[in-house]
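Peer 1: Have a look at this one.
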Amino acid sequence: MTQVRGLIKLIRPQQWIKNGFVLAPLVFVGAFLDRHAIGQAFLSMLLFCVASSATYIVNDIKDIERDRRHPKKSKSRPLAAGIVSVHSALMALAVLYAILILGWFIQPAVVQVILVYILLNVAYSFALKHQPVVDIFIIAFGFVLRVYAGAQALMVPVSSWMFVTTLCLALYLAAVKRRQELARSGSEGRDVLQHYTVALVDRYAEMAATGALVFYSMFVMSARPELVVTVPVVLFGLFRYWYVVDKMDGGESPTDALLADTPLLLTVVAWIGACLWVLWPIG
């Protein structure tokens, strides 16, 4: 039973909430009442969940020795803590890759995007995560690929504004993550942190948040003007997230910050609800 719990922890199911970005095209093209489109969108999200779990395993295997020397990760990471063996992790990784191979025969276009995501994350795990600024952009680009995968699943084009908005929002979250890691553990948490300062990543986060708001507003006004009512919700969400970071010491894990703060979670729910309400087909 301990081994099973360790394997579940290894694949980090709590992080799958990030893959909700895959569903964005489903909402914005107004296809959320089409059963076939819903099935295709959720299948692509499931495949991305499998892929993201696989990248976590690869990263944990790569960093196992470093994690064993870390005061927190030596206890929280199943491989570093000895709860799960490397052999078991490799077996789990093989199963996840097998699922993706099967997915190729169902959604080849989506799995092609996922392949880019996997290769990008392998490069990140073995080299790019040590490169300042590049590491933040790699994390952010993963979210852009999620949106693109969702569009591929539905075979619909996606507005360039949506891609740029997603990139800026993801850069904001990634910069805040680095900021909190740096504030909590200094440069000991990861090697790349020695190249950053809190003031520097604060400026990155502010620039990215501003870009996300501006580009989202431009996307709404140019492609979906009826969604203008959601702009204040997005602005509130950005403000609330920064409050969680600054006053509640959250943000090192965006997923944990979202699930732990009720007003922030309700803001996301309100945004989704407003989008569905405004885009709901009439008649």
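Peer 1: If a residue has to be free of Cβ contacts under 8 Å to residues at least 60 places away in the same chain and not aromatic (F, W, Y) to count, how many in region 104-130 make the cut?
Peer 2: Adding up the residues that qualify gives 11.
Peer 1: Ok, one more. Consider P263 against the criteria (1) touching a Gly at 6+ places or on another chain (Cβ under 7 Å); (2) free of Cβ contacts under 8 Å to residues at least 40 places away in the same chain: it satisfies all of them except one. Which criterion is unmet?
Peer 2: P263 satisfies every listed condition except (1).
Peer 1: Related question: What residue, among those in region 76-98 that are assigned to a helix (DSSP H, G or I) and more than 24 Å from the chain's Cα centre (by Cα), is modelled with the lowest pLDDT? Spell out how you get there, then give the answer.
Peer 2: Within region 76-98, the subset assigned to a helix (DSSP H, G or I) is 76, 78-81, 86-98.
The next check asks that each one be more than 24 Å from the chain's Cα centre (by Cα); those that pass are 81, 86-88, 91.
Details: A81: 83, V86: 91, H87: 92, S88: 91, M91: 95.
Here the answer is A81.
Peer 1: Let me ask another. Give me a count of the residues in region 148-166 that are in a helix (DSSP H, G or I), closer than 14 Å to A109 by Cβ and touching a residue at least 40 places away in the same chain (Cβ under 8 Å). I'd like the intermediate steps shown before the answer.
Peer 2: Let us first name the residues in region 148-166 that are in a helix (DSSP H, G or I), namely 148-154, 160-166.
Filter once more, so that each one left must be closer than 14 Å to A109 by Cβ: 148-154.
Subset that is touching a residue at least 40 places away in the same chain (Cβ under 8 Å): 149-154.
The total comes to 6.
Peer 1: Next question, about the same structure. With the structure loaded, tell me whether I101 is at pLDDT 95 or above and either surrounded by fewer than 21 Cβ atoms within 10 Å (Cβ to Cβ) or of a type in the set (F, W, Y) (or both) or whether it fails that test. Show your work before the answer.
Peer 2: Working: at pLDDT 95 or above: yes; either surrounded by fewer than 21 Cβ atoms within 10 Å (Cβ to Cβ) or of a type in the set (F, W, Y) (or both): yes.
Here the answer is yes, as I101 does meet what is asked.
Peer 1: Based on what the data block shows, is P108 more than 27 Å from V50 (Cβ to Cβ) and either assigned by TED's automatic domain parsing to the domain that holds R77 or modelled with pLDDT of 95 or more (or both)? Break it down into steps so the answer makes sense when it comes.
Peer 2: Numbers: more than 27 Å from V50 (Cβ to Cβ): no; either assigned by TED's automatic domain parsing to the domain that holds R77 or modelled with pLDDT of 95 or more (or both): yes.
So P108 does not fit the description; no.
Peer 1: Looking for whichever is among the hydrophobic types (A, V, I, L, M, F, W, C) and over 30 Å from E65 (Cβ atoms) here; the options are V156, V192, V133, V201. Which one fits? Walk me through how you get there before you give the answer.
Peer 2: Working: V192 fails: over 30 Å from E65 (Cβ atoms); V133 fails: over 30 Å from E65 (Cβ atoms); V201 fails: over 30 Å from E65 (Cβ atoms).
Result: V156 is the single residue among V156, V192, V133, V201 that is among the hydrophobic types (A, V, I, L, M, F, W, C) and over 30 Å from E65 (Cβ atoms).
Peer 1: Here are some conditions: (1) surrounded by 13 or more Cβ atoms within 10 Å (Cβ to Cβ); (2) of a type in the set (S, T, N, Q); (3) more than 18 Å from the chain's Cα centre (by Cα). S222 meets all but one. Which one does it not meet?
Peer 2: (1)
The values are calculated or read from the model by the stated rules, or taken from the named source; none is laboratory data. Everything numeric in this text was worked out from a predicted model, so none of it was measured. Neighbour counts are summed over all protein chains in view; Cβ atoms, including those assigned to glycine, are modelled from backbone coordinates with ideal geometry.
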